[in-house]
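The values are calculated or read from the model by the stated rules, or taken from the named source; none is laboratory data. The structure displayed is predicted, hence computed values, not measured ones. Here the Cβ positions follow ideal geometry from the backbone for every residue, glycine too, while neighbour counts run over all protein chains shown.
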Amino acid sequence: MEKAIVLAAAACCCTAAASVCQRMGAKNSQTSLIAAGAATMLLASHALAAGPLAAAQPGFTILDPLSASLLGVFLFGEHIRTGAADLAGEALALGVVIAAAVTLSRSCHLAGENSHPSRLVEPAAVRA
């Protein structure tokens, strides 16, 4: 399961690298864009194969926008609004994304793939 999480994080980094190449738009970055895209697909498919979807998907969900924001600030000079209300809104949005990813990763539907939630727990009469 840890392997799936690490591969998901690596795939997000490759996605960010591909975005940088695309935004730069230089002729020299075409090869880098193709390589980053191929690495992203390879790492993402290995992440999904290495463990359950519940292990890899939260990493994709949380790290993709986070890496995009960090690259925008540090490489392209974009600015994050730093007013109190703006920071509170950004923190709230980040908290909602993380909480939703954690909730979905613990969904009872993932435990049995396609089974009904009532079938995942044995009835008390059967256990006794």
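On the given criteria, is residue 93 exposed (fewer than 14 other Cβ atoms within 10 Å of the Cβ) and either modelled with pLDDT of 80 or more or part of a helix (DSSP H, G or I) (or both)?
yes
From 45, 69, 19, which residue is in a helix (DSSP H, G or I), over 24 Å from residue 104 (Cα atoms) and of a type in the set (S, T, N, Q)? Talk me through it step by step, then tell me what you get.
Working: 45 fails: over 24 Å from residue 104 (Cα atoms); 69 fails: over 24 Å from residue 104 (Cα atoms).
The conditions single out 19.
I'd like the residue in region 1-58 that is closer than 21 Å to residue 76 by Cβ and basic (Lys, Arg) and, out of all such residues, is nearest to the chain's Cα centre (by Cα).
Residue satisfying both the conditions and the ranking: 23.
Quick check, is residue 98 loosely packed, with under 15 Cβ neighbours inside 10 Å and either without any contact (Cβ under 8 Å) to a residue 12 or more places away in the chain or on the phi > 0 side of the Ramachandran plot (or both)?
So residue 98 does not fit the description; no.
Within region 8-48, take every residue that is modelled with pLDDT of 85 or more and over 17 Å from residue 65 (Cα atoms) and give me the one that is surrounded by the most Cβ atoms within 10 Å (Cβ to Cβ).
Selected residue: 47.
Going by the structure shown, is residue 78 in a helix (DSSP H, G or I), free of Cβ contacts under 8 Å to residues at least 24 places away in the same chain and of a type in the set (Asp, Glu)? Break it down into steps so the answer makes sense when it comes.
Details: in a helix (DSSP H, G or I): no; free of Cβ contacts under 8 Å to residues at least 24 places away in the same chain: yes; of a type in the set (Asp, Glu): yes.
No: the conditions fail for residue 78.
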